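The structure appears below as structure tokens.
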Amino acid sequence: MLFCLRGLTGNMQWNHKYLKGAFWTLNIGLAAMVFMSLLPVGIVQFFAAIDHGYWYARSPAVIHSELVENLVWMRMFGDIIFSVGGLLMAAFLFDLIKKAISSKSAKAKQTVALA
């Protein structure tokens, strides 16, 4: 997306503050989701599959156990951090669109003044 935007915006100045924040919050949010929820649930299912078989690891006895339910709720922290990154990316895009519109209107005024 950013690669295409770089070509579309030409020489327009980007606000790197939004992009830097979006990069870090998206990556930290993803890492939090993986290490606080997805990996631990996968490990619980792995040991359940080894002990009782694959059918048991996917059964409600494991999926709805108190440990797995708590681990699923732990994912919420990573989701919130990731959402902040998405909002920062949206703010960057809004700022870029606003600059493009003002740049276009300034060029149109300049063209009218020259004519």
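The values are calculated or read from the model by the stated rules, or taken from the named source; none is laboratory data. Everything numeric in this text was worked out from a predicted model, so none of it was measured. Backbone-built Cβ (ideal geometry, glycine too); neighbour counts: all protein chains shown.
Can you pull out the residues in the range 53-75 that are in a helix (DSSP H, G or I) and either touching a Phe, Trp or Tyr at 6+ places or on another chain (Cβ under 6 Å) or surrounded by 13 or more Cβ atoms within 10 Å (Cβ to Cβ) (or both)?
Residues satisfying the conditions are Y56, A57, V62, I63, V68, L71, V72, M74, R75.
Which one is nearest to K104 (Cα to Cα) among residues in the range 1-34 that are within 12 Å of the chain's Cα centre (by Cα) and of a type in the set (F, W, Y)?
Step by step, filter the range 1-34, then rank; the result is F23.
Taking the residues in the range 1-35 that are without any contact (Cβ under 8 Å) to a residue 12 or more places away in the chain and not in a helix (DSSP H, G or I) as candidates, determine which candidate is surrounded by the fewest Cβ atoms within 10 Å (Cβ to Cβ).
N11
Yes or no, residue by residue, for (1) of a type in the set (A, V, I, L, M, F, W, C); (2) closer than 30 Å to T9 by Cα; (3) at pLDDT 95 or above:
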{"site": "I28", "(1), (2), (3)": "yes, yes, yes"}
{"site": "A32", "(1), (2), (3)": "yes, no, yes"}
{"site": "I43", "(1), (2), (3)": "yes, no, yes"}
{"site": "F46", "(1), (2), (3)": "yes, no, yes"}
{"site": "I50", "(1), (2), (3)": "yes, no, yes"}
{"site": "G53", "(1), (2), (3)": "no, no, no"}
{"site": "R58", "(1), (2), (3)": "no, no, no"}
{"site": "V84", "(1), (2), (3)": "yes, yes, yes"}
{"site": "L93", "(1), (2), (3)": "yes, yes, no"}
